[in-house]
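Scroll down for the structure; my scribbles are underneath it.
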Amino acid sequence: MSRIGKKPVVIPSGVNASVEGKTVKAKGPKGELSVELVDEVTVAMGEDGIQIDPINKSKEARSAWGMSRTLVQNIVTGVSEGFQRRLEINGVGYRAAAQGKNLSLSLGYSHEVNYPVPEGIEIATPRPTEIIISGIDKQVVGQVAAEIRGWRPPEPYKGKGVKYAEERIFRKEGKKK
């Protein structure tokens with residue numbers, strides 16, 4: 001049994017949610033999102049929030065139960081509070097600068113990397129070695145952070161590269177003579 005799926009998704013004040021078939025829509029102060037759920041679950045609006053249940057006791061239905069509840073929770077949280085990922089840049093001469101709808105990255109290549117910011121995402125660089133990615137869609141925020149990190153992932157010997165703020169890099173000792 002899914003422990004996550006049993007709990008209803010609580011709708012905070014200021015957020016309007018509606019259920020139409022397998023589609024759940026949420027509208028709040030930050031914007032509007034919707035998610036289409038799989039056929040293995042049923043969704044219903046209750047007095048304490050949105051309740052999601054498996055359609056039967058099959059393995060596929062039970063697997064999709066918790067995931068579907070989390071997807072609905074993510075759209076409700078996104079339209080009310082939003083999501084944020086922080087990246088840190090380590091390395092001599094490595095820096096980032098937000099310029100309009102582009103992010104300019106100097107990561108040790110012979111050229112600067114210009115990353116076009118997708119629609120619905122805001123990127124801020126309070127310091128040249130820090131990037132803050134924010135938006136209402138958790139999947140898009142995480143994807144943008146992963147793409148930026150992918151330009152220069154952190155390496156284990158000196159720790160240079162782009163890493164998540166909460167990420168811990170396992171450091172290796174270099175070769176001995």
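Looking only at residues that are modelled with pLDDT of 90 or more and in a loop (DSSP other than H, G, I, E, B) in region 16-34, which one is surrounded by the most Cβ atoms within 10 Å (Cβ to Cβ)? Going through the qualifying residues, I end up with K30. If the condition is being touching a Ser or Thr at 6+ places or on another chain (Cβ under 7 Å) and over 16 Å from P8 (Cα atoms), then region 36-54 contributes E36, V38.
Within region 93-106, not a single residue is out of contact with any Lys or Arg (no Cβ under 8 Å at 6 or more places or on another chain), free of Cβ contacts under 8 Å to residues at least 12 places away in the same chain, charged (D, E, K, R) and more than 27 Å from I11 (Cα to Cα).
Across region 82-100, the number of residues qualifying as assigned to a loop (DSSP other than H, G, I, E, B), over 16 Å from the mean Cα position of the chain (by Cα) and surrounded by 13 or more Cβ atoms within 10 Å (Cβ to Cβ) comes to 2.
The values are calculated or read from the model by the stated rules, or taken from the named source; none is laboratory data. Keep in mind that what you see is a predicted model, and the values were worked out from it rather than measured. We place every Cβ from the backbone using ideal geometry, glycine too, and count neighbours over all the protein chains shown.
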